[in-house]
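To start, the structure itself, in structure tokens.
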Number of protein chains: 2
Amino acid sequence: MIKHREPFKLACIQYRPVIGAVGDNLAAMEKRVREAHRAGARVMVLPELADTGYVFRDRAELADLASPIPEGRSAQALVALARELDIYVVSGLAEREGQRLYNSAMLCGPDGYIGTYRKLHLWDRENPLFTPGDLGLPVFETDLGRIGLAVCYDGWFPELFRTMALKGAELICIPTNWVPMPAQPPEAEAMANTLHRAAAHSNGIFIACADRIGVERGQPFIGRSIILGPDGWALAGPAPENEEEILIAGIDLDKVASTRALNAFNDVLGDRRPDVYGDPIVEPSTANSQPNERT
Amino acid sequence: MIKHREPFKLACIQYRPVIGAVGDNLAAMEKRVREAHRAGARVMVLPELADTGYVFRDRAELADLASPIPEGRSAQALVALARELDIYVVSGLAEREGQRLYNSAMLCGPDGYIGTYRKLHLWDRENPLFTPGDLGLPVFETDLGRIGLAVCYDGWFPELFRTMALKGAELICIPTNWVPMPAQPPEAEAMANTLHRAAAHSNGIFIACADRIGVERGQPFIGRSIILGPDGWALAGPAPENEEEILIAGIDLDKVASTRALNAFNDVLGDRRPDVYGDPIVEPSTANSQPNERT
């Protein structure tokens, strides 16, 4: 069913966007994409809101910086770069569509614009600024393989990875702006890394997370970009907490099927018991009453 | 809605069952439960198939060792111990019901037998031996709080934790016989620990995993029992790979709600987007919608 595909190199570009400086940010992104291309990468993943920065003073500032996808300035710059270099680019972008603002991720390739994902799970003060995602969980068929997209806090929801894996995703690219989690012990693995290693392993998918670094208007970010194989172990990274870095790893999507088969009897997707999981998921508002009696 | 509850101590008893030696195993379990009780523990979690061992030569050997729950020898020994010591005990047990054999976990307490969970996701050569679980995912209301059960490979399925959390579970107790995962780097955290830390964090639940140690008929087990808080960080453990140990940690179930609220805008359960996850996962039937009505 799945034809044999050539392995390719993927780059996660961990860098430091500057709030409001869209032109400078696009130039910085292009410079690093060209560097990753020279190193042989065919797929580039850039951070969340890579064109605008993250900590907007208010909705007006965000609205002024955001642009349409794919017609806008940021999207067009990346589409042109992907065409020129014969590469695929995933980037977080601030999207404006009419009066609505979305925290989006765009995928483009050698033939131009491919598609957009809009962040489903908005984090903290993104909530009053952005409209929650309304494009579902698309999985894009490309010449390289089937690629899904997510953004930052989306990764806290196991359903997202599972849904995309069941829709055929083999690689999920995640622009992110991870912030510190409460009670993180100083020497422990970042919880963001833990969650994605678990998601890669329990779904048998490649996951590439490109984070930003720096402190913006008082908000620190944690770096730790990472590229994960379908067994949940790192192929590259985690990158440092506060230094720019381009992680590069080889991706062989033909390993997805063999990794999912843990032994002669088990397959991480095939072993699911949807007959039971559906029973009886109720919404959290009523989940704290009479837990063992409902039907 | 949720009344204030007293914190309690929970013990995960990591030990080495001997295949086929049910009497000796029950004596070893009792000795360690009494030791944990002297240390102040109110809830005891024992490994998967703690009464029989794990690597059965064939179905006949398993059938001979397995016993009914709660009427059988193993269950009755633990029920008596829980009554005597005024404690709660969770243990993996080989269950026989008529011609069927289940890899089960039983919960009993100061007032006797409470309920049974039957492993939904069978691992490797368990498949030809055991019948897959047919009691759904029960969550048991106790004086301490709402407790869910799972067994070993069940922990590879994020839907299981999510379903129980949405049904109100605050603590999930997991008897396990973890085996090495493919490609585990020597110095890395055991993937079994990673998966449960992720599940604890992304659901805001306490998780207690009691593993066995030793090599049985050529099959090694990895120890690494662990008790996790609802933020996904270890309260105790991981225990050593190949030494017996009784892990003990304080559990304050009133921390579940506050930990789930990550900030003023976010709640790890409330932020779910079931409108999207369902697409295109076919919602399961309600065939198993009455998970465990026996009391």
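The values are calculated or read from the model by the stated rules, or taken from the named source; none is laboratory data. The shown structure was predicted, so the numbers you read here are calculated from the model rather than taken from an experiment. Heads up, the Cβs are rebuilt from the backbone with ideal geometry, glycines too, and the neighbour counts pull from every protein chain shown. Quick note on the areas: whole protein, heavy atoms, side chains included, nothing else; ligands and nucleic acids left out. Shrake-Rupley method; radii C 1.70, N 1.55, O 1.52, S 1.80 Å.
Points worth noting:
- Residue check, residue B:141 surrounded by fewer than 23 Cβ atoms within 10 Å (Cβ to Cβ), facing chain A (nearest Cβ under 10 Å) and of a type in the set (Asp, Glu): yes
- Of residues in the stretch B:218-273 being outside any loop (DSSP other than H, G, I, E, B) and more than 21 Å from residue B:164 (Cβ to Cβ), the one nearest to the other protein chains (Cβ to nearest Cβ): B:219
- Residue match in the stretch A:194-207 (condition: touching a residue at least 60 places away in the same chain (Cβ under 8 Å) and basic (Lys, Arg)): no
- Positions within the stretch B:108-123 being touching a Phe, Trp or Tyr at 6+ places or on another chain (Cβ under 6 Å) and touching a residue at least 24 places away in the same chain (Cβ under 8 Å), in sequence order: B:109, B:114, B:115, B:121, B:122, B:123
- Single residue of the stretch B:62-85 satisfying the filter (under 20 Å from the mean Cα position of the chain (by Cα) and of a type outside the set (Gly, Ala, Ser)) that is farthest from residue B:128 (Cα to Cα): B:81
- Among (1) crowded, with 23+ Cβ neighbours inside 10 Å; (2) of a type outside the set (Phe, Trp, Tyr); (3) more than 10 Å from chain B (Cβ to nearest Cβ), the one test that residue A:186 misses: (1)
- The stretch A:149-190, residues that are of a type in the set (Lys, Arg) and more than 21 Å from residue A:123 (Cα to Cα): A:167
- Only one of the numbered conditions (1) within 14 Å of chain A (Cβ to nearest Cβ); (2) under 13 Å from residue B:175 (Cβ atoms) is not met by residue B:129, and that is (2).
- Residue ID - most open to solvent (accessible area, probe 1.4 Å), chosen from residues in the stretch B:43-65 that are among the small types (Gly, Ala, Ser) and over 14 Å from residue B:221 (Cβ atoms): B:60
- Whichever residue in the stretch B:144-161 is more than 17 Å from residue B:209 (Cα to Cα) and open to solvent by 10 Å² or more (accessible area, probe 1.4 Å) and, among such residues, is nearest to the other protein chains (Cβ to nearest Cβ): B:159
- In the set (1) within 26 Å of residue B:126 (Cα to Cα); (2) outside any helix (DSSP H, G or I), the condition left unmet by residue B:41 is number (1).
Listed here are the residues, each with its yes/no results for (1) buried (at least 21 other Cβ atoms within 10 Å of the Cβ); (2) in contact with a Phe, Trp or Tyr (Cβ under 8 Å, 6 or more places away or on another chain).
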| position | (1), (2) |
| --- | --- |
| B:208 | yes, no |
| B:214 | no, yes |
| B:234 | no, no |
| B:238 | yes, no |
| B:242 | no, no |
| B:246 | no, no |
| B:249 | no, no |
| B:256 | yes, yes |
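- Qualifying residue in the stretch B:94-104 (condition: at the interface with another protein chain (Cβ under 9 Å from one of its Cβ atoms) and either without any contact (Cβ under 8 Å) to a residue 24 or more places away in the chain or among the polar types (S, T, N, Q) (or both)): no
- Figure legend. Inter-residue proximity from the stretch B:221-232: first residues under 13 Å from residue B:197 (Cβ atoms), second residues modelled with pLDDT under 95, beta-carbon distance below 7 Å, spacing 6+ or different chains. Indicated pairs: B:231/A:182; B:231/A:183.
- Here residue B:192 meets each of (1) small (Gly, Ala, Ser); (2) touching an Asp or Glu at 6+ places or on another chain (Cβ under 9 Å); (3) over 18 Å from residue B:5 (Cβ atoms); (4) within 9 Å of chain A (Cβ to nearest Cβ) with one exception, condition (4).
- Only strands (runs of 3 or more DSSP E) whose full extent lies in the stretch A:96-182 are considered here, and the ones with at least 3 residues that are more than 14 Å from the chain's Cα centre (by Cα) are A:100-109, A:112-118.
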